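Structure, as structure tokens:
The values are calculated or read from the model by the stated rules, or taken from the named source; none is laboratory data. Note that the structure is predicted; figures quoted are calculated from it, not measured. Every residue, glycine among them, receives a Cβ derived from its backbone with ideal geometry; neighbour counts consider all protein chains shown. These accessible areas exclude ligands, DNA and RNA; they are computed on the full protein's heavy atoms, side chains included. Shrake-Rupley method; radii C 1.70, N 1.55, O 1.52, S 1.80 Å.
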There are 2 protein chains.
Amino acid sequence: MTKPKEVTIYDLARKLNVSIATVSRALKDDPVVSKKTKKKIFDLAEEMGYRYNHFARNLREQRTYTIGVIVPRLNSYFMSTVIAGIESVANNEGYTLIISQSSETAGKEITNAKTMFNNRVDGMLVSLAYDTDDISHFDQFIKKNIPLIFFDRVNDHPECTSVQIDNRKSAYEATTHLIAQGCRRIVHITATPKRNVYIDRLAGYKQALADHQIPFEEKYLLINNLSQEAGVQAAAEILQMNPLPDAIFAANDNCAVGCMIALKKAGIRIPADIAFVGFNNDPVSTVIEPNLTTINYPGYKMGEMAAASLINHLNGVNSIDATNTILLRSELIIRASSQKIISDSE
Amino acid sequence: MTKPKEVTIYDLARKLNVSIATVSRALKDDPVVSKKTKKKIFDLAEEMGYRYNHFARNLREQRTYTIGVIVPRLNSYFMSTVIAGIESVANNEGYTLIISQSSETAGKEITNAKTMFNNRVDGMLVSLAYDTDDISHFDQFIKKNIPLIFFDRVNDHPECTSVQIDNRKSAYEATTHLIAQGCRRIVHITATPKRNVYIDRLAGYKQALADHQIPFEEKYLLINNLSQEAGVQAAAEILQMNPLPDAIFAANDNCAVGCMIALKKAGIRIPADIAFVGFNNDPVSTVIEPNLTTINYPGYKMGEMAAASLINHLNGVNSIDATNTILLRSELIIRASSQKIISDSE
DNA sequence: TGTATCAATGTAACCGATTACATTGTTTTT
DNA sequence: AAAAACAATGTAATCGGTTACATTGATACA
């Protein structure tokens, strides 16, 4: 284990008979240093294989140029797309990401938050776990003026910006679309209404029913963890209903797909017997047959927006209070799984 | 923007009338400090909201407890699963991840490598981009004794460990399975055979053909980027073939799925007319109809192994030279898309 | 009782940058 | 030609830990 010594600004300064201050200034392209000196320094740095020591700077500047990201899960299509968006912006702006997953548990989320805090991230991007009730583990950031932006699974915190879509409106559109197809007994499958995304979707669903004089029925509300397997189980419950529902609006595509597969296996025709709408526009939605009607969710854009907004805050472009909520456009994508009218006439 | 001052070991030392050395030792639970003193220090640290400054340590120790991860794409099921595995191990061991994506281009991979290098990662985990020919951008790490582990898309570098599956064997099994189903005109869809994964799968495919006295035919080899859209295009090419092939072995599930959808639309029956085998065991493989036979790819495990192996190196548990290649178990999962014999009898 | 041993703590150099303030030499102004 | 203005560079303190080496005081041993 030889440990080749690192080249520092001291080495460069000594070789060129200038001070470390000049070297430091030259390396950050400070206009106060003459062009000639700069060139000498740049060339020598290149030649000697100098590399910048971020830790020295961070120690001195009390900044880290690091952004902490906490997501519920890394291995979901939606989340990895968001992260790809975040990464592209952060990378461009010279920020480094520390990414961790809460695995949908509040406990791990708290641990992760602590790690991020101790790593002195300059800012945080967070999407909350299913079962996080209390968000006091983020108070430490707020207390230290570390900007915190929630995305997707947000929390209505007075000091934080959030980036999301209009879940309520999207759910309203999805449900209205089903009603327009003649559906009246519409099941909604969703997760525990703790997180905004599920609360809002449920609200949109109820509103659409109300606006069309369809009473909301508790029995048509199925709560699970929205996994594909949960969709299969939901299908079993649905098959017990009498009369059968004529439509299902699931709060994500994965669950919808699991449910569709199970129902098809049971001989249900989709959409003729039961129409389907999902949420997210996950790639599986165009693989399942019939293709799944869903809400397009701009994940990459969401990542870009969240990161850009955070970095703007960090650079002092706009104050953290200026923006409360950034709403991204989302839209209903109508595919075969919900088109009763056309499919009946086929 | 008030900037509340940070509590440091100096503050703790002053309050307790001990030296910073004692505080530093106590905080890392050095047995040389008496229990009583330790308790005092811990309690005060808690009370005053002390937080550890990693940068000061990193600056002093010349270590960063950071691992750099470069992947071709973040938003693929396989990769995000691998990263989830890496994250879980790294987090447990107190390491932080810096993750970036090459977007499948050598150029961005080089930039990312430079960023990682300048961030002084303690080690690297890399999966190469499609079009990386020359891997000299990783020499800087090797020169500085920074361990580098490749996973999945590996490079046969004499100084690096690689974590992968036996692609050749898996492809051999997949092809042999198709031959056992009576297939003789087997198309192989894959990416440019630059990366080991594609080279090895092609080799396995060819070997299986040879072992069953089936001549390899160039026209049955389709090269594309393995996206779902590329699968659709491949379907168009396949429909031009006369006679039609009787099986397709695709180097990933996404491409297989795109191809299946397009062929089905054209009236081809699967597996009766054309049998299908994919690669990766992506979730879509159980959504597509018929369900896709594929190779199970232990992504999470691969991430865990790669991270654990790297951290072992870093902790000096085993030398970097000790291990050359770690092969993970993978297996053929037979589903309906390839079962000609059974499906004919249905 | 004198000395060796040891536990507990302290001193101070060091890691590699940034930057306020000081200094030097040159040009411009009057 | 002296004073003012300015461009270029230097000096030295600072960020918050780690740790080799030194010191202190108590106990064990002969």
Residue selected from the range B:136-186 under the condition of a type in the set (Lys, Arg) and under 23 Å from B:Thr81 (Cα atoms), by the criterion least open to solvent (accessible area, probe 1.4 Å): B:Arg153
Only one of B:Arg73, B:Arg63, B:Arg57 that is in contact with a strand residue (DSSP E or B) (Cβ under 6 Å, 6 or more places away or on another chain), closer than 30 Å to A:Leu314 by Cα and either open to solvent by 60 Å² or more (accessible area, probe 1.4 Å) or within 8 Å of DNA strand D (Cβ to nearest atom) (or both): B:Arg73
Any hit, the range A:90-106, residues being free of Cβ contacts under 8 Å to residues at least 24 places away in the same chain and touching a Leu at 6+ places or on another chain (Cβ under 9 Å): yes
Unmet criterion (only one of (1) within 15 Å of DNA strand D (Cβ to nearest atom); (2) open to solvent by less than 40 Å² (accessible area, probe 1.4 Å)) for A:Lys39: (2)
For A:Ile288: the one exception among (1) surrounded by fewer than 17 Cβ atoms within 10 Å (Cβ to Cβ); (2) under 30 Å from B:Gly258 (Cβ atoms); (3) among the β-branched types (Val, Ile, Thr): (1)
Filter pass, B:Arg195 being more than 26 Å from B:Lys301 (Cβ to Cβ) and either open to solvent by 30 Å² or more (accessible area, probe 1.4 Å) or of a type in the set (Lys, Arg) (or both): no
Residue satisfying all of: in the range A:80-93; at the interface with chain B (Cβ under 9 Å from one of its Cβ atoms) and open to solvent by 10 Å² or more (accessible area, probe 1.4 Å); farthest from B:Ser80 (Cα to Cα) among these: A:Asn91
Pair list, Cβ < 7 Å and 6+ apart or interchain, from the range A:35-57 residues that are under 17 Å from B:Arg60 (Cβ atoms) and within 14 Å of another protein chain (Cβ to nearest Cβ) to residues that are within 11 Å of DNA strand C (Cβ to nearest atom) and of a type in the set (A, V, I, L, M, F, W, C): A:Phe55/B:Phe55; A:Phe55/B:Leu59; A:Ala56/B:Leu59
The range B:134-163, residues that are touching a residue at least 40 places away in the same chain (Cβ under 8 Å), farther than 17 Å from B:Asn315 by Cα and not β-branched (Val, Ile, Thr): B:Phe151, B:Asp152, B:Arg153, B:Asn155, B:Asp156, B:Glu159, B:Ser162
Subset of the range B:1-29 [near DNA strand D (Cβ under 8 Å from one of its atoms), touching a helix residue (DSSP H, G or I) at 6+ places or on another chain (Cβ under 8 Å), outside any helix (DSSP H, G or I) and within 21 Å of A:Asn118 (Cβ to Cβ)]: B:Val7
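Specify which of the listed residues (B:Ala90, B:Ala26) is of a type in the set (Gly, Ala, Ser), over 22 Å from B:Asn312 (Cβ atoms) and not assigned by TED's automatic domain parsing to the domain that holds B:Asn225.
Of the residues listed, the single one that is of a type in the set (Gly, Ala, Ser), over 22 Å from B:Asn312 (Cβ atoms) and not assigned by TED's automatic domain parsing to the domain that holds B:Asn225 is B:Ala26.
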Residue count, the range B:228-260 (criterion: over 21 Å from B:Asp152 (Cβ atoms) and either open to solvent by 40 Å² or more (accessible area, probe 1.4 Å) or modelled with pLDDT under 95 (or both)): 10
Single condition A:Val23 does not satisfy, out of (1) without any contact (Cβ under 8 Å) to a residue 60 or more places away in the chain; (2) within 11 Å of another protein chain (Cβ to nearest Cβ): (2)
Positions within the range A:193-210 being over 12 Å from A:Ile165 (Cα atoms), in contact with a helix residue (DSSP H, G or I) (Cβ under 6 Å, 6 or more places away or on another chain) and at pLDDT 95 or above, in sequence order: A:Ala203, A:Gly204, A:Tyr205, A:Gln207, A:Ala208
